[in-house]
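**Student:** Structure provided below as structure tokens; questions to follow.
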Amino acid sequence: MTDPVRYDREGDVAFLTIDNPPVNALGHAVRAGLVAAIERFEADDARIAVVLGDGRLFLGGADISEFGKPPRDPWLPEVVNRIEACTKPVVAAIHGAALGGGLEIALGCHYRVALPGTKLGLPEVTLGILPGAGGTQRTPRLTGIARALDMVTTGAPVTPEEALEMGLIDRVGEGDARAEGLAYATELMEAGAGPRPVGQLPRPAADADAVAATETRLAKTAKGLVAPQHAARAVAASAEHDIEAGLAEERRLFDELMRTPQREGLIHAFFLERKVSNLPEIKGVAPREIAHAGVIGGGTMGAGIATAALLSGLTVTLVERDAAAAETARGTIGKNLAAAVKRGKLSEPKRDAILSEALKTVTDYGALADADLAIEAVFESMDVKKDVFARLDAVMKPGAVLATNTSYLDIDEIAAMTKRPADVIGLHFFSPAHVMKLLEVVVADKTAPEVTATAFALAKRLRKIAVRAGVCDGFIGNRILSHYRGAADRLVLAGASPYQVDLALTEFGFAMGPYAVADLAGLDIGFMTRERKAATRDPRDVVPTWADELYHMGRLGQKTGRGYYLYAEGSRMGEPDPEVEALVSRAREAAGVTPRDFTDAEIVRRYMAAMVNEGARVVDEGIAQRPLDVDAVKLFGYGFPRHRGGPMKWADMEGLEALLIDIRSWEKDDPFFWAPAPLLERLVAENRNFDSLNG
Ligand code: 3H9
């Protein structure tokens with residue numbers, strides 16, 4: 001094993017180079033190595049030290065994988081204090097990124113130079129914690145309270161230029177970090193500069209206005225999250241205490257956060273975002289080259305997919321039925337791109353170039369002859385899709401990938417239409433496709449691993465999170481959705497109002513409850529799904545007859561101004577409607593149900609238990625390969641609150657045994673819906689959790 005902290009000299013300058021790939025995380029060996037290297041520097045005759053990171057960045061922060069394990073000395077705060085207390089000057093030469101504990105190490109150094117393009121940030125709140133190695137006390141001593149509050153409560157990084165302007169660093173260098181560190185250190189030596197500990201600077205002036213503005217902002221943007229509030233309090237404390245007491249207050253708040261389930265959920269989300277594309281079946285498999293993509297169908301979904309592809313630099317040929325539809329699709333893509341320009345994601349000249357050169361809208365499939373990939377996004381009907389695939393099979397070149405964006409149809413059946421089922425795959429985008437992060441990659445029976453690898457590479461290029469799914473009605477996401485929607489309808493039938501259900505779930509952390517979502521999507525969607533499943537529906541299943549009635553009344557949701565909620569002209573915020581409650585009441589009477597009250601906690605528990613129970617089935621059947629794939633789908637495609645980590649992580653944190661006991665108790669009244677998933681029963685019997693299946 002290589003030394004995690006190397007020590008070498010150039011003349012009077014000592015270099016302490018941290019070498020812990022891939023991101024130089026500050027694990028135990030690095031921390032111990034840094035303290036040893038500082039002591040060696042103090043003991044030898046070097047006059048100044050430069051701290052550097054090897055590889056692509058300076059330091060990625062504390063080693064997150066150590067969280068939750070017993071702490072090992074030296075702790076990061078002690079390492080930072082030790083660097084700061086060094087009797088000779090220490091320079092941080094920063095490139096790539098200095099994040100979290102990485103920036104805190106730099107703040108422990110006496111001088112800081114950063115290369116252009118470096119990200120300097122304290123992203124701890126995104127992991128449910130706060131900067132715990134002095135970041136909340138040293139940052140405001142350099143930048144003032146207001147800027148420090150912004151950095152620690154949003155977690156957003158700043159550029160070296162911004163950092164220089166706010167006093168966080170001393171200069172912006174150029175070229176190579178080691179050369180820049182050497183040049184700066186030499187200058188400092190020549191000027192006779194000594195150590196300059198940030199912790200010894202006077203405490204920052206209190207800034208009640210900035211604190212109040214931050215509280216107001218957090219009440220809106222970070223509702224229900226503990227870490228941003230704690231981080232703000234720690235920064236405010238820097239103006240009230242000397243450095244020792246301020247650091248102690250930071251420690252106290254940090255320790256509190258380390259014990260929260262939010263921290264556990266957010267760190268789970270961090271790792272699963274990276275693990276989800278780690279699939280044995282595509283390890284070492286080279287993806288096919290994709291430069292030119294075809295999109296069939298230019299509705300909202302097709303235009304969104306085309307927009308995402310264009311924004312990633314692909315050439316796109318969009319095929320529509322007729323010239324008018326092709327023109328409409330071009331208009332939609334133009335609007336999507338205009339929105340990207342407005343958000344600063346795209347320049348106007350680039351937008352113009354995309355529209356005039358990279359995008360072709362046509363009516364002839366023949367234009368796809370040299371496309372490397374085609375994504376079909378036409379009407380959800382097996383016959384229509386089969387027709388499209390037969391045409392694609394006829395025109396596309398050998399080796400091209402043929403993808404369908406179906407959200408529930410049998411992809412094996414679609415693939416069988418072609419002479420090349422190995423090239424067929426599902427790419428299930430979520431609307432709006434150029435915005436939503438999730439891409440379900442649906443691998444059919446005959447899909448070649450190379451095609452799966454191509455889909456994952458494409459997702460990366462489109463900046464999406466790809467999750468592998470198997471073929472079944474609804475794949476991972478919609479299949480589980482239809483089950484917990486069923487739980488919500490059962491709650492309503494039994495006595496809860498749709499408004500209470502929505503409120504309980506938004507309090508839990510969902511951006512919207514299921515009935516507000518139904519209004520947004522359109523009640524016709526749910527109605528059509530029920531119609532489609534009617535022929536195969538089990539007679540014991542509950543049908544939300546009130547939802548059918550709303551549909552027949554033309555109450556289709558936001559688009560008609562009325563659905564479950566009433567919407568004032570132009571408003572997306574609905575008001576509850578007593579007429580809907582009366583409708584539900586009549587449905588209960590017709591079903592012979594005596595309504596009862598539910599607590600919000602009971603509502604959440606049943607809704608979540610239904611999600612987990614079906615999630616367990618989906619894993620058991622191999623539709624999702626691991627519980628973390630279910631978590632990823634719900635987090636990135638269905639508005640699941642990130643700080644809860646995903647449904648399967650939530651279940652692990654709640655305890656599987658207690659959840660199974662509840663499910664069994666509900667099974668007595670409704671054995672059809674609440675039959676426990678065999679995987680859940682097995683895990684409880686073996687005293688294991690879902691995470692034990694994540695590998
Ligand atoms: C902290 O510092 C707390 C302190 O204030 C107080 C302590 C007392 N630890 O993202 P990538 C892994 S909290 C462990 O794909 P990129 C990652 O899982 C920390 N592992 O690369 C992946 O593993 P694998 C504050 C980490 O180039 C691999 O490295 N810091 C860590 O796209 C590559 O990662 C942060 O929150 C870590 N800190 O982006 C920064 N970071 O290959 C978190 C990454 O097995 N990190 N890994 O899948 C990042 O934002 C990005 O990783 C970074 C590189 C921008 C650094």
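**Student:** Among the numbered conditions (1) within 16 Å of the ligand (Cβ to nearest atom); (2) at pLDDT below 95; (3) acidic (Asp, Glu), tell me where GLU78 comes up short.
**Tutor:** With (1) within 16 Å of the ligand (Cβ to nearest atom); (2) at pLDDT below 95; (3) acidic (Asp, Glu) applied to GLU78, the lone miss is (2).
**Student:** Pick out the one residue from LEU57, LEU16, LEU34 that is within 12 Å of the ligand (Cβ to nearest atom) and either of a type in the set (A, V, I, L, M, F, W, C) or assigned to a loop (DSSP other than H, G, I, E, B) (or both). Can you show your working first?
**Tutor:** Details: LEU16 fails: within 12 Å of the ligand (Cβ to nearest atom); LEU34 fails: within 12 Å of the ligand (Cβ to nearest atom).
Checking each option against the conditions leaves just LEU57.
**Student:** For a quick check of your reading: which helices (runs of 4 or more DSSP H) sit entirely within region 610-695 and have at least 1 residues that are among the charged types (D, E, K, R)? Before you say what the answer is, go through the steps one by one.
**Tutor:** Values: elements: 627-637, 647-654, 656-667, 671-674, 678-685.
Here the list reads 627-637, 647-654, 656-667, 678-685.
**Student:** For region 572-593, name all the residues that are under 23 Å from GLY522 (Cβ atoms) and assigned to a helix (DSSP H, G or I).
**Tutor:** As a first pass, look at region 572-593 and keep what is under 23 Å from GLY522 (Cβ atoms): 572-584, 587.
Residues satisfying the conditions are PRO578, GLU579, VAL580, GLU581, ALA582, LEU583, VAL584, ALA587.
**Student:** Looking at region 19-31, which of the residues that are part of a loop (DSSP other than H, G, I, E, B) and of a type in the set (Gly, Ala, Ser) is surrounded by the fewest Cβ atoms within 10 Å (Cβ to Cβ)?
**Tutor:** At the first step, the residues of region 19-31 found to be part of a loop (DSSP other than H, G, I, E, B) are 19-25, 27.
Still in the running and of a type in the set (Gly, Ala, Ser): 25, 27.
Values: ALA25: 21, GLY27: 17.
The selected residue is GLY27.
**Student:** Show me the helices (runs of 4 or more DSSP H) found entirely inside region 220-289 where at least 3 residues are more than 14 Å from the ligand (Cβ to nearest atom), in the same structural domain as GLY645 (by TED's automatic domain parsing) and in contact with a helix residue (DSSP H, G or I) (Cβ under 8 Å, 6 or more places away or on another chain). Break it down into steps so the answer makes sense when it comes.
**Tutor:** Values: elements: 227-237, 243-258, 261-275.
Ranges flagged: none.
**Student:** Taking into account only those residues within region 165-181 that are within 22 Å of ALA205 (Cβ to Cβ) and touching a residue at least 40 places away in the same chain (Cβ under 8 Å), which is surrounded by the fewest Cβ atoms within 10 Å (Cβ to Cβ)? Don't jump to the end; show me each part of the working.
**Tutor:** In the first step, residues of region 165-181 are kept if they are within 22 Å of ALA205 (Cβ to Cβ); the result is 165-170.
Retained after the next criterion (residues that are touching a residue at least 40 places away in the same chain (Cβ under 8 Å)): 168-170.
On the way: LEU168: 25, ILE169: 27, ASP170: 18.
Applying the filter and picking the extreme gives ASP170.
Residue-by-condition table, conditions (1) at pLDDT below 95; (2) touching an Asp or Glu at 6+ places or on another chain (Cβ under 7 Å); (3) not β-branched (Val, Ile, Thr):
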position	(1), (2), (3)
TYR515	no, yes, yes
ARG532	yes, no, yes
ALA535	yes, no, yes
VAL542	yes, yes, no
LYS559	yes, no, yes
TYR564	no, yes, yes
GLU569	yes, no, yes
ARG572	yes, no, yes
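**Student:** Looking at LEU120, is it touching an Asp or Glu at 6+ places or on another chain (Cβ under 7 Å), in the same structural domain as GLU84 (by TED's automatic domain parsing) and within 16 Å of the ligand (Cβ to nearest atom)?
**Tutor:** When the stated conditions are applied, LEU120 does not pass them.
**Student:** Which pairs turn up if I take residues in region 120-145 that are farther than 16 Å from VAL158 by Cα and look for partners that are within 7 Å of the ligand (Cβ to nearest atom) and aliphatic (A, V, I, L, M) with beta carbon separation below 6 Å, at least 6 apart in sequence or on another chain?
**Tutor:** Going by the 6 Å Cβ cut-off, the qualifying pairs are ALA133/LEU76.
**Student:** Residues that are more than 15 Å from VAL451 (Cβ to Cβ), basic (Lys, Arg) and surrounded by fewer than 18 Cβ atoms within 10 Å (Cβ to Cβ): does region 396-411 have at least one? Break it down into steps so the answer makes sense when it comes.
**Tutor:** As a first pass, look at region 396-411 and keep what is more than 15 Å from VAL451 (Cβ to Cβ): 405-410.
Next cut, basic (Lys, Arg) only: none.
No, that holds for no residue.
**Student:** Return the only residue of VAL593, VAL630 being β-branched (Val, Ile, Thr) and within 28 Å of GLN262 (Cα to Cα). Don't jump to the end; show me each part of the working.
**Tutor:** Values: VAL593 fails: within 28 Å of GLN262 (Cα to Cα).
Exactly one residue qualifies, and that residue is VAL630.
**Student:** Something else now. Do we have any residue at all in region 477-485 that's in contact with a strand residue (DSSP E or B) (Cβ under 8 Å, 6 or more places away or on another chain), modelled with pLDDT of 95 or more and within 26 Å of ALA403 (Cβ to Cβ)? Outline the logic, then answer.
**Tutor:** First pass over region 477-485, keeping only residues in contact with a strand residue (DSSP E or B) (Cβ under 8 Å, 6 or more places away or on another chain): 477.
Filter again for modelled with pLDDT of 95 or more, leaving 477.
Then drop every residue that is not within 26 Å of ALA403 (Cβ to Cβ), which leaves 477.
Yes, region 477-485 contains a residue that is in contact with a strand residue (DSSP E or B) (Cβ under 8 Å, 6 or more places away or on another chain), modelled with pLDDT of 95 or more and within 26 Å of ALA403 (Cβ to Cβ).
**Student:** Would you mind finding the one in ARG196, ARG178 that is in a helix (DSSP H, G or I), assigned by TED's automatic domain parsing to the domain that holds THR87 and in contact with a strand residue (DSSP E or B) (Cβ under 8 Å, 6 or more places away or on another chain)?
**Tutor:** Working: ARG196 fails: in a helix (DSSP H, G or I).
After applying the criteria, what remains is ARG178.
**Student:** I've got another one for you. Can you tell me how many residues within region 81-102 are farther than 16 Å from LEU34 by Cα, within 12 Å of the ligand (Cβ to nearest atom) and not hydrophobic (A, V, I, L, M, F, W, C)?
**Tutor:** 2
**Student:** What's the number of the condition PRO71 fails, among (1) crowded, with 18+ Cβ neighbours inside 10 Å; (2) near the ligand (Cβ under 10 Å from one of its atoms); (3) without any contact (Cβ under 8 Å) to a residue 24 or more places away in the chain?
**Tutor:** Among (1) crowded, with 18+ Cβ neighbours inside 10 Å; (2) near the ligand (Cβ under 10 Å from one of its atoms); (3) without any contact (Cβ under 8 Å) to a residue 24 or more places away in the chain, PRO71 violates only (1).
**Student:** Now for a different question. Of the residues that sit in region 234-274 and are basic (Lys, Arg) and surrounded by fewer than 16 Cβ atoms within 10 Å (Cβ to Cβ), which one is farthest from the chain's Cα centre (by Cα)? If you could, list the steps in order and put the result at the bottom.
**Tutor:** Start the filter on region 234-274 by keeping residues that are basic (Lys, Arg), which leaves 251-252, 259, 263, 274.
Adding the requirement that they be surrounded by fewer than 16 Cβ atoms within 10 Å (Cβ to Cβ) leaves 252, 259, 274.
Numbers: ARG252: 29, ARG259: 22, ARG274: 10 Å.
So, considering only residues that are basic (Lys, Arg) and surrounded by fewer than 16 Cβ atoms within 10 Å (Cβ to Cβ), the one farthest from the chain's Cα centre (by Cα) is ARG252.
**Student:** Additional query: Only one of these is modelled with pLDDT of 95 or more and either among the small types (Gly, Ala, Ser) or touching a Ser or Thr at 6+ places or on another chain (Cβ under 8 Å) (or both): LEU505, LEU462, LEU458, LEU438. Name it.
**Tutor:** Working: LEU505 fails: either among the small types (Gly, Ala, Ser) or touching a Ser or Thr at 6+ places or on another chain (Cβ under 8 Å) (or both); LEU458 fails: either among the small types (Gly, Ala, Ser) or touching a Ser or Thr at 6+ places or on another chain (Cβ under 8 Å) (or both); LEU438 fails: either among the small types (Gly, Ala, Ser) or touching a Ser or Thr at 6+ places or on another chain (Cβ under 8 Å) (or both).
From the options LEU505, LEU462, LEU458, LEU438, the qualifying one is LEU462.
**Student:** Also, quick follow-up: In region 132-151, which residues are near the ligand (Cβ under 10 Å from one of its atoms) and assigned to a helix (DSSP H, G or I)?
**Tutor:** At the first step, the residues of region 132-151 found to be near the ligand (Cβ under 10 Å from one of its atoms) are 132-136.
Within region 132-151, GLY135, THR136 qualify.
**Student:** I'd like to check something: does region 66-74 contain any residue that is in contact with a strand residue (DSSP E or B) (Cβ under 6 Å, 6 or more places away or on another chain) and farther than 28 Å from ARG147 by Cα?
**Tutor:** So the first thing to find is which residues in region 66-74 are in contact with a strand residue (DSSP E or B) (Cβ under 6 Å, 6 or more places away or on another chain), and the list is none.
The answer is no, given that none of the residues of region 66-74 is in contact with a strand residue (DSSP E or B) (Cβ under 6 Å, 6 or more places away or on another chain) and farther than 28 Å from ARG147 by Cα.
Each row is one residue, and each column tells you yes or no for (1) of a type in the set (Ser, Thr, Tyr); (2) crowded, with 17+ Cβ neighbours inside 10 Å; (3) touching a residue at least 60 places away in the same chain (Cβ under 8 Å).
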| site | (1), (2), (3) |
| --- | --- |
| GLY302 | no, yes, yes |
| LEU318 | no, yes, no |
| ASP322 | no, no, no |
| THR328 | yes, no, no |
| GLY331 | no, no, no |
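The values are calculated or read from the model by the stated rules, or taken from the named source; none is laboratory data. Model, not experiment: these values are computed from the prediction. Using ideal geometry, Cβ is built from the backbone for each residue, glycine included, and neighbour counts are taken over all protein chains shown.
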